[in-house]
Amino acid sequence: MSKTKQGVWVPVEDRLPTQADSDAQHCVIGWHKHNGVMVTGWHQFKVGGMYTHWMPVPKSPFLIEQPEGA
């Protein structure tokens, strides 16, 4: 996962998402010009495209963190 802060919209003009920004299914959250919030593949974004902003998908509340050394 990248160092992009979760919960902060990133304009595509500032930075496009990369695979490092995506979750295990290679998705990020995007703001689509006509449909609003959508979960889609990180590769769907381009400057001047239908998505204007993006952010990483938050971690699942159901994931159990492994103790160090496990």
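Bear in mind these aren't lab numbers, they're just calculated from the coordinates by the rules spelled out. Predicted, not measured: the structure shown is a model, and the values here were computed from it.
Listed values, structure above:
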item	result
Per-residue HN-Hα couplings for region 35-44 [Karplus 6.51, -1.76, 1.60; θ = phi - 60°; Hz; x = Gly/Pro]	10, x, 6, 9, 9, 8, x, 4, 7, 7
Residues whose placed amide H lies under 5 Å from that of HIS53, excluding near-sequence neighbours	VAL12, TRP31
³J(HN,Hα) computed for each position of region 7-18 - Karplus, 6.51 cos²θ - 1.76 cosθ + 1.60, integer Hz, glycine/proline x	x, 10, 6, 10, x, 5, 5, 7, 6, 8, x, 10
